[in-house]
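The structure appears below as structure tokens.
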Amino acid sequence: MTKKKSTTKNSIALPRDYVPGDDEDFMNDRMTEYFRRKLTAWREEITAQTRGTVEYLQVERVNHPDPTDVATYNADRQLELRTKDRLRKLVRKIDKAIVRIEDGTYGYCEETGDPISPRRLDARPIATLSIEAQEMHERSERMRAS
């Protein structure tokens, strides 16, 4: 396992159709830049969504005379708050992944130290476990729950 400190920051030109593959050096500059951009764009998208939720919750203060309307409003508000909290936690995970890119540990399994497949990282850029380690973790969780 060779981890390297990332030195590039948006200086790598990526082809529009570039997708990291198993046939290239793991976490080379192009692959690293691809995931940095993917994580940054995801973070920006979530931040924009969150801003909209906050604005909605601030504006949506209406007096509802009907108890059913009040209950519906409160349920909707709780759902929005839970969603906002989940997104806040996701942004934290994205930020941690970006830090791992910067320190050269991104893409390596926290349990085994082995590379996480580029396909897994493309599907779940915040992944910290390889598929094998994740499956082992889930099996042990199920056994504890039984």
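Here, each number is a calculation from the coordinates, and none is a lab measurement. The model shown is predicted, which means the values in this text are computed figures rather than measured ones. Positions of Cβ are backbone-derived with ideal geometry, glycine not excepted, and every protein chain shown enters the neighbour counts.
Identify all aspartates and glutamates with a Cα-Cα distance to LYS96 below 14 Å; exclude those on the same chain that are fewer than 8 residues away in sequence. Hits, sequence-local ones excluded: GLU110. Residues whose amide H lies under 5 Å from that of TYR108, counting only those 5 or more places away or on a different chain, are ILE116; hydrogens are built 1.01 Å from N in the peptide plane. The phi-based Karplus calculation (6.51 cos²θ - 1.76 cosθ + 1.60; θ = phi - 60°) puts the 3J(HN,Hα) values of region 95-104 at 4, 5, 5, 5, 4, 5, 4, 5, 8, x Hz, whole numbers, x for Gly and Pro. Relative intensity of region 97-146 on a log10 scale, I(q)/I(0) at q = 0.15 Å⁻¹, equals -0.42, per a Debye sum over C-alpha point scatterers of equal strength in the absence of solvent.
Computed from the Cβ-Cβ distance with R0 of 30 Å, the FRET efficiency linking MET136 to ASP95 stands at 0.65. Other residues within the sphere of radius under 12 Å centred on the Cβ of LEU129, judged by their own Cβ, net out at -4 (K and R +1, D and E -1).
Spin-label model, ASP23 to GLU111: label points 7 Å out along the Cα-to-beta-carbon direction sit 3.0 nm apart.
Distance from the alpha carbon centroid of region 16-44 to that of region 106-146 works out to 19 angstrom.
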